[in-house]
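Heads up: the structure comes next, in structure tokens.
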Amino acid sequence: MSRKRPPLLSTIGTKTTMAVTGLLLLGFVLVHMLGNLQVYAGREKLNAYAKLLQDAGGVLWVARGGLLAVFVLHVVSAFRVAAMNKAARPVPYVSAVPQVTSTAARTMLLSGLVVAAFVVYHVLHFTLGVVDAGNHGHLDAKGRHDVYGMVVAGFRQWPIALSYVVAQVLLFFHLAHGVSSAFQTLGVTHPRLAFLKGRFGTVVAGVVLVGNVSIPLTILLGLVPCGAC
Amino acid sequence: MNLTLHVWRQEGPGVPGRMERHEVAGVSPDMSFLEMMDLVNERLVREGKEPVAFEHDCREGICGCCSMVVNGAAHGPKKATTVCQLHMRTFKDGDTITVEPWRAAAFPVVRDLVVDRSALDRVIAAGGFVSVNTGSAPDGNAIPVPKEAADVSMDAAACIGCGACVAACPNASAMLFTAAKVAHLNRLPQGVPEAARRVRAMVEQMDAEGFGACTNHYECMEACPKEIPVRFIAEMNRAWTKASLSAESAAADKAGFG
Ligand code: HEM
Ligand code: FES
């Protein structure tokens, strides 16, 4: 039999790529969130953590490169799956009533694209200092990049805080379906691991939502001291 | 009961179709959905018009021929029920009901509600056979079959190949069907020697037929008249990945088998 498609490009291969990269991205999101929550520990802690990452130098760039590759693979696979699935039903139903699927599951491409747009905006904001440039690049008393001041001053502007909250709500929907879906795609069948395909996705997505949204919200409400920002 | 039907009419493959309105009077709640369709057709024939073509055979929920999307749900609103076993008492007097064919690129419409589901047969055929010696009958119990394996295999074998999973899937994916057919043989000791080859060949055929990729909506399981669980899809995903990574598969590809 002639092989028409390499296994990696088959339906299951593409889905598997999406599941693996999706879980890797989730891992990044969780670690990134834990790092950011140090904003509650004060300026000293957060700026020291930021400096630790900056000083990693080469390692940081390798990690960034890997993350970008994972992200690109995820998005490319998403478009591939979307294209295959569009082609699989050229004539739509006059009436199709979803019986069990969720809104989250049916809007994965949309929520994913909003998250992607947010990632670009987020990098332009805190990494490159293009957005809200006035608050970027200041130094703290120890001569380190004052990340704490930048974050607090940034989120005291409600349009910026709001855009972060909206993006996180969409990420919540993306993960609520995506995480459980990934474990099904990766072939988890053991009854003791069944929870991974059930509530787990929503719980993880909820943790990410609460953790990440708390930062712009508490800052906007003036609960995080500004100090000299 | 009096009903308003909106039925898909299409003269043949590849030509555009449209919904056609029919007022149906005198429907008994004890009729099956297909008997109600018979009523419509008898009138159309009396009026010298072309009856609505639909597929049916056993009318008792075991052959998998009947295939209609009723009010946006494959096989209609009732769980674990083929449309031939769906009774009109499920509906109310005065209801408006839409009736459409399975819609998938892999299931071209033959006429009206009849679609060509040969793609499913080709997926089964790609799976090949199990290796048994023909000739004299094998000794009873020569191959021990664990009870659990027999039960699970039987659950998978309950699939009647109706294609409702494809029809119900937002992606027109045939993963539930293919997974059931893979598990049916791979779960039994007799199917084990070809297990890796079987899952790869069947998935490859499934893709070649133009079915979509599963994104875990689980609409298939809800529509399945035999309630095949989506656990079989996870099982097939794992089996396919393992088979695709195995050294034996790589060697078979090189040698041109497989
Ligand atoms: C922080 C970023 C992201 C994370 C953590 C993430 C996570 C995930 C996870 C875990 C899955 C499950 C894979 C599966 O269904 O097997 C998934 C699926 C998916 N992702 Fe993402 N993703 C992210 C960004 C994106 C982006 C930028 C897109 C843009 C197009 C996207 C589009 C999709 C699509 C279309 C699916 C398939 C959904 C389905 O199964 O129906 N994702 N994602
Ligand atoms: S006609 Fe045989 S299953 Fe419905």
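Read-outs throughout are calculated quantities, based only on the coordinates presented, and are distinct from any laboratory measurement. Keep in mind that this is a model prediction, so the values were computed, not measured. FYI the Cβ positions are ideal-geometry reconstructions off the backbone, even for glycines, and counts take in every protein chain you see.
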Segment B:51-77 - residue that is within 13 Å of chain A (Cβ to nearest Cβ) and more than 13 Å from ligand 2 (Cβ to nearest atom) and, of those, farthest from B:Val114 (Cα to Cα): B:Pro77
Kindly provide the set of residues from segment B:216-229 that are more than 7 Å from every other protein chain (Cβ to nearest Cβ), in contact with a helix residue (DSSP H, G or I) (Cβ under 8 Å, 6 or more places away or on another chain) and assigned to a loop (DSSP other than H, G, I, E, B), ordered by number. B:Cys224, B:Pro225, B:Glu227, B:Ile228, B:Pro229
Enumerate the pairs (first residue in segment B:164-184 and within 9 Å of chain A (Cβ to nearest Cβ); second residue anywhere and basic (Lys, Arg) and assigned to a loop (DSSP other than H, G, I, E, B)) with beta-carbon separation below 6 Å, excluding pairs fewer than 6 apart on the same chain, so at least 6 apart or on different chains. B:Ala172/A:Arg89
Identify, please: which residue in segment B:152-166 is of a type outside the set (Asp, Glu) and over 8 Å from the mean Cα position of the chain (by Cα) and is, among those, surrounded by the most Cβ atoms within 10 Å (Cβ to Cβ)? B:Ala156
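Here's the yes/no breakdown for (1) assigned to a helix (DSSP H, G or I); (2) in contact with a helix residue (DSSP H, G or I) (Cβ under 7 Å, 6 or more places away or on another chain):
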position: A:Val59; (1), (2): yes, no
position: A:Gly66; (1), (2): yes, no
position: A:Lys86; (1), (2): yes, no
position: A:Pro90; (1), (2): no, no
position: A:Ala116; (1), (2): yes, yes
Note on A:Val207: of the conditions (1) within 16 Å of ligand 1 (Cβ to nearest atom); (2) surrounded by 15 or more Cβ atoms within 10 Å (Cβ to Cβ), unmet is (2)
